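Colleague: What follows is a single structure, and I will ask about it in a moment.
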Amino acid sequence: MRSGQMVAVFGAYGHTGRFVVAELRERGFVPLLSGRDADKLQALAASCPGLEVRPASVDDPVSLDRALEGAAAVINCAGPFATTAAPVIEAALRAGVPYVDVAAEIEANVDTFAHFTNRARAAGVAVVPAMAFYGGLGDLLATAAMGDWTAADEAHVAYGLNSWHPTEGTRAAGKVSEERRNGRRVRYTNGRLEYHDDALPTLKWPFPDPMGLRTVIGEFTMADVVTVPSHLAVPEVRTYMTTEAAGNLAAPDTPAPTAVDERGRSAQTFLVDVVVRSGGAERRAVARGQDIYAVTAPLAVEAVHRILTGQTRTVGVASAGEIFDASGFLRALSSHISLELRP
């Protein structure tokens, strides 16, 4: 990577976008601050002297082209991604630069694979959706756990969050997804996404110590059901969420996250426990860390770094586990995520 490469950040002033801007600067990149609200961009720039502001709107392709001019890559942090992903990807394809987003919306990620796979591959441009805590991290863990397996019977991603204080963006994205599903729920079974009205089961999940046995909501489906089966031969992908965190998300009065340290992270902790099974064999990968929004920043920025330095395995639209060396990627984030592989 050449020091000082410019990376456009669309939605730079949002909660996750601010973490991404800080991480880019720490890694030697120069963020280009972009987004729909010029006033919020200027306020952010006031706290980040020397950074350029480039307002842009998804319904104005010319403004998006200006935002990406001279950039080596773009990171889209602005949800709902059902609205922003396609226009920003289009701009990235016109500019011929890599695109990374932090979308947790299942349907938005499905759209990215469906609409841009052929075009991005033909253009030789890397497009990595869901490069975030939900979708990207689970996919990297599942891929690392698989190791030399070429297929598995099932993959389980259990989220052990001690709490979940959702941002305004999380709530907005959830509302859009719910509307797109007509209030139905979704799961990945028999090799496909299935929409249903069944009640979600509650069960016990044996998290590694010190969390231990916890009550979780089964089929609390996250973006992993798009990223994992996009490249791994696993017909059953299930995700689970601790009941405490699910309750926080469901409650309309749960406050947004508040900073407790110098990096702006909240006190929230997470343990992601991924189990893949094939026949009678089981493999496991475990990640621990602090603040699901803050940890998205090093995930997205490491992705950009690896794309720009040629540390990729494919081109076009690809999930994290497909385009990167999963184990190496996770170990590169050792200052943010502790990793444990249990063959």
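Colleague: Touching a Pro at 6+ places or on another chain (Cβ under 7 Å) and either touching a residue at least 40 places away in the same chain (Cβ under 8 Å) or over 26 Å from Val110 (Cβ atoms) (or both), is that true of Val237?
Modeller: yes
Colleague: Could I ask something else about it? Filter the stretch 55-65 down to the residues that are among the β-branched types (Val, Ile, Thr) and surrounded by 14 or more Cβ atoms within 10 Å (Cβ to Cβ) and list them by number.
Modeller: Hit for the stretch 55-65 is Val58, nothing else.
Colleague: Okay, moving on. With farther than 15 Å from Val272 by Cβ, over 23 Å from the mean Cα position of the chain (by Cα) and surrounded by fewer than 20 Cβ atoms within 10 Å (Cβ to Cβ) as the only criterion, which of Gly218, Gly191, Gly212 stands out?
Modeller: When all the criteria are applied, what remains is Gly212.
Colleague: List every residue pair whose Cβ atoms sit under 7 Å apart, with the two residues 6 or more apart in sequence or on different chains, where the first one lies in the stretch 177-199 and is in contact (Cβ under 8 Å) with a residue 60 or more places away in the chain and within 17 Å of Ala223 (Cβ to Cβ) and the second, anywhere, is exposed (fewer than 12 other Cβ atoms within 10 Å of the Cβ) and β-branched (Val, Ile, Thr).
Modeller: Final answer for the pair search is none.
Colleague: Now for a separate question. Give Arg265, Arg331, Arg283, Arg277 a once-over and let me know the one that is in contact with a Pro (Cβ under 9 Å, 6 or more places away or on another chain), at pLDDT 95 or above, within 20 Å of Val157 (Cα to Cα) and open to solvent by 10 Å² or more (accessible area, probe 1.4 Å).
Modeller: Result of the check over Arg265, Arg331, Arg283, Arg277: Arg283.
Colleague: Right, another one. So Tyr99 passes all but one of these: (1) farther than 22 Å from Tyr240 by Cβ; (2) more than 14 Å from the chain's Cα centre (by Cα). Which condition number does it fail?
Modeller: Just one mismatch for Tyr99, condition (2).
Yes/no per residue for (1) open to solvent by 10 Å² or more (accessible area, probe 1.4 Å); (2) of a type in the set (Ser, Thr, Tyr):
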| position | (1), (2) |
| --- | --- |
| Gly35 | no, no |
| Ala43 | yes, no |
| Ala46 | yes, no |
| Val53 | yes, no |
| Ala67 | no, no |
| Val74 | no, no |
| Thr84 | no, yes |
| Val102 | yes, no |
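Colleague: Thr189 - would you say it is more than 21 Å from Ile75 (Cα to Cα) and at pLDDT 95 or above?
Modeller: Yes.
The values are calculated or read from the model by the stated rules, or taken from the named source; none is laboratory data. This is a predicted model, so every value here is computed, not measured. Don't worry about glycine lacking a Cβ; one is built from the backbone with ideal geometry, like all the others, and counts go over all protein chains shown. Ligands, DNA and RNA are stripped out before the accessible areas are found, and what is left, the full protein with its side chains, is counted by its heavy atoms. Shrake-Rupley method; radii C 1.70, N 1.55, O 1.52, S 1.80 Å.
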